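Here's the structure, in structure tokens; my notes come after.
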């Protein structure tokens, strides 16, 4: 079974440009998460989709970031216009539909997209 | 105050040694406590998780959670060079919820 895939693996853009990151979750996973790691900091949550709906977008830093999940399948994260502080590694993760009880629904992570804004 | 504190200092140990890692947290509502392992240029992968307080053992790995002290630990026994990676603690309120991560510890096991 294929894991979570992300494209591109690395993107270098200039300040003010637009970049779109893509994430393909594991097939059948309803939950999709975006996280970001800025250099020297911990991985931070950005937002959570359940199917095509945004369940929690409390971690989105500002309105320059727009996330979509078409038809509950793949997701895109657009940064427009990009700023220097947006540089970092953007991770996508997916997990199965929530189960009752005490089970942790494991989040499977993709390899990340390394974004460099010059 | 950060939600999760993990001293990010690198750790270098000889093969066969015990590796001890820990995190503290501030949100007493966290119920799920995870340890993720991350190899270079890869995404984090789940190593172990614990629900609420207690210990959990999986082979050479033991995870401990002390909710009264808001302190979690990971022990790696008989460490191997293949254990060389970054170890991240993570926590969540529910089983299907956003994760709060620590900064991670880079562990190097020297043959």
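General observations
- As a summary of the residue check, residue A:51 satisfies the conditions (1) within 14 Å of chain B (Cβ to nearest Cβ); (2) in contact with a strand residue (DSSP E or B) (Cβ under 7 Å, 6 or more places away or on another chain) except for the one numbered (2).
- So residue B:73, is it assigned to a loop (DSSP other than H, G, I, E, B), touching a residue at least 24 places away in the same chain (Cβ under 8 Å) and within 23 Å of residue B:9 (Cβ to Cβ): no
- Among the residues of segment B:38-56, those that are more than 8 Å from chain A (Cβ to nearest Cβ), within 12 Å of the chain's Cα centre (by Cα) and either modelled with pLDDT of 95 or more or in a loop (DSSP other than H, G, I, E, B) (or both) comprise B:38, B:47.
The values are calculated or read from the model by the stated rules, or taken from the named source; none is laboratory data. These figures come from a predicted structure and were not determined experimentally. Please note: Cβ atoms are built from the backbone with ideal geometry, for glycine as well, and neighbour counts cover all protein chains shown.
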